[in-house]
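The values are calculated or read from the model by the stated rules, or taken from the named source; none is laboratory data. All values derive from a computational prediction rather than experimental measurement. Counting neighbours? That spans all protein chains shown, and the Cβs are built from the backbone with ideal geometry, glycine included. Just the protein is used for accessible areas: all its heavy atoms, side chains included, with ligands, DNA and RNA removed. Shrake-Rupley method; radii C 1.70, N 1.55, O 1.52, S 1.80 Å.
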Amino acid sequence: MLKQIINGRILTPQGWLEGGSIVTDGSKIRVVSNIDLHVENAEIIDAKGCHVVPGGVEMHAHGGGGHDFVEGTEEAFHAVVDALVKHGTTSIYPTLSSSTVPKVEQACETCEKLMAEEGSPVLGLHIEGSYLNPKQSVAQNPKSIKVPVASEYEPLLDKYKCIKRWDEAPELPGSVEFINSCCKHGVMTAITCTRATYEDVLAAHDAGMRHVAHFYNAMPVVYKEHEFKVPGTVESVYALQDMSVEVIADGIHVPPVMLHVVYQIKGVEKMALISDSLAYAASDGDVVPEPHVILEDGVCKLDDHSTLVGSIATMDRLIQVCVQKANIPLADACRMASETPAKIMGVFDRKGSIEEGKDADIMMFDENLNLAYVMQMGREITNNL
């Protein structure tokens, strides 16, 4: 079915189109024009002056809508995806926290089923763990933390094509071999939950690792050793210009001024926005937290407020924080939520921008940056126009 979006301010790779139009046909974008074309038999969608931007590509999200991907079931996967799509996440790589091999296998089976569904927003599985530094893995299951085990990860990489990304702490024994194996299977690796030194980061980089999970979180910054300053993981990553980073842009995990610093140093091409969301994200009041969890200012905390557990941010919040609190231009914030992660994950041929021939994944924000509309593969998900 033909649909035509009119009266919007459209973000394209060439910049903003004022008052242009977009024509979609089924799940694809067919025309992007700087004028309001007359299209026979098209359903008209009046953007009412909204900013019309590409749908969000979520590289790192653990849960939402009351469920976590680590549950592994189709019900849980669908619940999380359906909840997050309403907030602008039109493509997603479900993130699996540290778990047992049988649970990973179950999640892989479920992920492959969802990837095969027509118009699915699920593009592949992201595994974060179990190969983490135990001193930096607060929100992960400590019983599952270990060093890379080839007899464990090799069969998984051989069997499941849905695995698109696997994160680890590069200072662990066997890290280089793990990175080499992932590269051989076409799986992206990323630094996470780490105390890596510059030498560790450089060794990982030379082995093929080019990305960093939740930058600044669960990793050290420069520290003092006797009378000398030692670069932390953060400074080590800054020193390697071709390494990309992702940030939890909720304004809390990484304060707004630091979001702007990352933006200044890494730039739009190397900085992606993520939610790193937990089960209580996008619950819209339908999910009551357990007694020991408090939802406060966009994060989950333990009831004593001593430990920051995780995020309940959604895609729309990430863009709002970047623009309204971190002084990042709207166009760049939207690119970092769509174009940059699409390029990092190798799907920019069909995702991440509003262009002819690409998937019809679109968000609209009003003048106050409230999310007004979401289209995923041509399907209307949210309409508050």
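Just one of (1) out of contact with any Leu (no Cβ under 7 Å at 6 or more places or on another chain); (2) open to solvent by less than 10 Å² (accessible area, probe 1.4 Å) fails for Tyr93. It is (1). Just so you know, in segment 219-250 the residues that are aromatic (Phe, Trp, Tyr) and more than 21 Å from the chain's Cα centre (by Cα) include one that is most open to solvent (accessible area, probe 1.4 Å), and it is Phe228.
Residues in segment 12-22 that are assigned to a strand (DSSP E or B) and either open to solvent by 10 Å² or more (accessible area, probe 1.4 Å) or hydroxyl-bearing (Ser, Thr, Tyr) (or both): Thr12, Gly15, Trp16, Leu17, Glu18, Gly19, Ser21.
Would you mention how many residues in segment 362-380 are among the polar types (S, T, N, Q) and crowded, with 22+ Cβ neighbours inside 10 Å? Residues in segment 362-380 being among the polar types (S, T, N, Q) and crowded, with 22+ Cβ neighbours inside 10 Å: 1 in total. Cβ-Cβ contacts under 7 Å between residues 6 or more apart (or on different chains), taken from a first residue in segment 89-108 that is among the aliphatic types (A, V, I, L, M) to a second residue that is crowded, with 24+ Cβ neighbours inside 10 Å and assigned to a loop (DSSP other than H, G, I, E, B), are listed as Ile92/Pro121; Ile92/Leu123.
For the structure I just gave you, tell me whether Val237 is touching a strand residue (DSSP E or B) at 6+ places or on another chain (Cβ under 8 Å) and hydrophobic (A, V, I, L, M, F, W, C). So Val237 fits the description; yes. Flag: Ala83 matches the condition of being within 29 Å of Glu339 (Cβ to Cβ), in contact with a His (Cβ under 9 Å, 6 or more places away or on another chain) and assigned to a helix (DSSP H, G or I).
Considering only segment 99-111, I want to know if a residue exists there that is within 20 Å of Ala279 (Cα to Cα), surrounded by 24 or more Cβ atoms within 10 Å (Cβ to Cβ) and either of a type outside the set (A, V, I, L, M) or at pLDDT below 95 (or both). Yes: one or more hits. Considering only residues that are in a helix (DSSP H, G or I) and more than 17 Å from Ser99 (Cβ to Cβ), look in segment 152-171 and name the one that is most open to solvent (accessible area, probe 1.4 Å). The residue in question is Asp158. Within segment 164-211, the only residue that satisfies the criterion of being in contact (Cβ under 8 Å) with a residue 40 or more places away in the chain, within 17 Å of Ala150 (Cα to Cα) and of a type in the set (Ser, Thr, Tyr) is Ser175. All told, Ile35 meets the bar of being hydrophobic (A, V, I, L, M, F, W, C), more than 30 Å from Leu278 (Cβ to Cβ), open to solvent by 60 Å² or more (accessible area, probe 1.4 Å) and not in a strand (DSSP E or B). Residues that are open to solvent by 10 Å² or more (accessible area, probe 1.4 Å) and either of a type in the set (Ser, Thr, Tyr) or not in a loop (DSSP other than H, G, I, E, B) (or both) within segment 205-218 comprise His205, Asp206, Ala207, Tyr216, listed in sequence order.
For segment 172-197, a residue qualifies if it is under 14 Å from Leu132 (Cα atoms), in a loop (DSSP other than H, G, I, E, B) and open to solvent by less than 50 Å² (accessible area, probe 1.4 Å), and the qualifying residues are Leu172, Gly174, Thr192, Cys193, Thr194, Ala196.
Taking the criterion of being open to solvent by 10 Å² or more (accessible area, probe 1.4 Å) and either hydroxyl-bearing (Ser, Thr, Tyr) or modelled with pLDDT of 95 or more (or both), the only residue of segment 55-66 that qualifies is His62. Against the definition (closer than 15 Å to Met363 by Cα, among the aliphatic types (A, V, I, L, M) and modelled with pLDDT of 95 or more), how does Leu2 come out, yes or no? It is false that Leu2 is closer than 15 Å to Met363 by Cα, among the aliphatic types (A, V, I, L, M) and modelled with pLDDT of 95 or more. Pairs linking a residue in segment 1-19 that is in contact (Cβ under 8 Å) with a residue 12 or more places away in the chain to a residue that is in a loop (DSSP other than H, G, I, E, B) and among the basic types (Lys, Arg), with Cβ atoms under 9 Å and 6 or more positions apart or on different chains, are Asn7/Lys48; Gly8/Lys48.
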